[in-house]
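The values are calculated or read from the model by the stated rules, or taken from the named source; none is laboratory data. Since the model is a prediction, treat every value here as computed from it, not as a measurement. Please note: Cβ atoms are built from the backbone with ideal geometry, for glycine as well, and neighbour counts cover all protein chains shown.
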Amino acid sequence: QAQNLERLKGKENITQSGQKIDVCANIGTREDIENVLRCDAGGIGLFRSEFLYMESGSKPPTEEYQFQVYKLAAESMGIKKVVIRTADLGGDKMAECLDLGMDPNPAIGYRGIRVSLDKEEVFKTQLRAILRASAFGNLSIMFPMITSIEEVKLAKLMLEKAKKELKKEKTAFDSDIPVGVMIETPAAVMISGELAREVDFFSIGTNDLLQLTLGMDRQNERLERYFNPHHSALLKMIRIITNNVHLEEKHISICGDMAADLEMTEYLIQIGIDELSVAPNQVLALRKKIREIQ
Ligand code: PEP
Ligand code: MG
């Protein structure tokens, strides 16, 4: 089986009838970069940068440290894209280095972009690090847990601030770095049309989207029998997002667990998802599945 999959390296992600889809990889640490190269993914569709903060001890990771990690990802992937998601802390991902407090309902609490917009200096430091690394490859920036246009505008404003600083310092960066958002709240689904006029690309976080749509904690084992990853409400949302994003001719991917669910692959290709991003060790199995589809 493993040998069979090895043979798929260098091959296209294409169905029998000729439909292509990008397959990228999700990573969380610099050690994962090697696994991405080994599995022959089309790029890094999701770099969960919050792991840098979770492993950082009592102080947040410095701009220089982050820059080195993002630069390594950018250089390792060459012309292939690398999507850095800004820190998605809070919820189930706590970091000692930031005062995140204790929420009674962590999944719907102080987390994701809300933390970044609140801790402006920490956010700007990360954006500066990403921008500096963008001079060394094909980087994109993605914001997590978006619920409104205002959040996107504020995040983009901070990005502009960081760009202005770097320009003044005569530091190189990609001034056209693509900006995208995660669609993982029902609010983001409902305003996906407006969001599509505000940013360049989208990635659906089906893990949080399912949790928030069903109102069920994705980590509560007692709810497992109700936590249906094929729930028709979720599938309907994915169709709505895809249509809205494509109306504005923007790119739509899925980076939540559904992307690796081989029972869903045919459906997702059929509705026009542009990219699936999965753990590195799932890339070739997904490629095999895609190549078997009619
Ligand atoms: C998701 O919510 O589906 C997602 C990809 O983000 P994370 O799993 O890191 O919350
Ligand atoms: Mg999420």
Among (1) closer than 17 Å to ARG111 by Cα; (2) within 16 Å of ligand 1 (Cβ to nearest atom), SER140 falls short only on (1)
Verdict on ALA87 being within 16 Å of ligand 1 (Cβ to nearest atom), within 18 Å of the chain's Cα centre (by Cα) and at pLDDT below 95
no
Within the stretch 167-208, the count of residues that are within 16 Å of ligand 1 (Cβ to nearest atom) and not aromatic (Phe, Trp, Tyr) comes to 17
Going through (1) free of Cβ contacts under 8 Å to residues at least 40 places away in the same chain; (2) more than 16 Å from ligand 2 (Cβ to nearest atom) one by one, ASN105 fails only at (2)
Restrict the check to the stretch 206-220 and report whether at least one residue is under 18 Å from ILE149 (Cα atoms) and either within 16 Å of ligand 2 (Cβ to nearest atom) or free of Cβ contacts under 8 Å to residues at least 24 places away in the same chain (or both). yes
Per the filter on the stretch 252-294, residues farther than 23 Å from GLN3 by Cα and either more than 16 Å from ligand 1 (Cβ to nearest atom) or assigned to a loop (DSSP other than H, G, I, E, B) (or both) are CYS255, GLY256, MET264, GLU266, TYR267, ILE269, GLN270, ILE271, GLY272, ILE273, ASP274, GLN294
Going through (1) buried (at least 18 other Cβ atoms within 10 Å of the Cβ); (2) aliphatic (A, V, I, L, M); (3) in contact with a helix residue (DSSP H, G or I) (Cβ under 6 Å, 6 or more places away or on another chain) one by one, LEU154 fails only at (1)
Subset of the stretch 240-251, residues in a helix (DSSP H, G or I) and surrounded by 14 or more Cβ atoms within 10 Å (Cβ to Cβ), comes to ILE240, ILE241, THR242, ASN243, ASN244, VAL245, HIS246
Residue pairs within 9 Å by beta carbon, gap of at least six or interchain, first lying in the stretch 170-191 and farther than 28 Å from ILE238 by Cα, second of a type in the set (S, T, N, Q) and surrounded by fewer than 21 Cβ atoms within 10 Å (Cβ to Cβ), listed first then second, are ASP174/ASN138
Please work out if GLU221 is surrounded by fewer than 21 Cβ atoms within 10 Å (Cβ to Cβ), out of contact with any Pro (no Cβ under 9 Å at 6 or more places or on another chain) and within 24 Å of ASN26 (Cβ to Cβ).
yes
For the stretch 269-294 the number of residues that are in contact with a helix residue (DSSP H, G or I) (Cβ under 8 Å, 6 or more places away or on another chain) and without any contact (Cβ under 8 Å) to a residue 60 or more places away in the chain is 4
Counting only residues in the stretch 217-239 that are in contact with a helix residue (DSSP H, G or I) (Cβ under 6 Å, 6 or more places away or on another chain) and in a helix (DSSP H, G or I), the one nearest to ligand 1 (Cβ to nearest atom) is identified as LEU234
LEU214 passes all but one of the listed conditions (1) more than 15 Å from ligand 1 (Cβ to nearest atom); (2) surrounded by fewer than 18 Cβ atoms within 10 Å (Cβ to Cβ); the exception is number (1)
query: Do we find that VAL199 is of a type in the set (Val, Ile, Thr), within 22 Å of ASN13 (Cβ to Cβ), within 19 Å of the chain's Cα centre (by Cα) and surrounded by 15 or more Cβ atoms within 10 Å (Cβ to Cβ) in this structure?
result: no
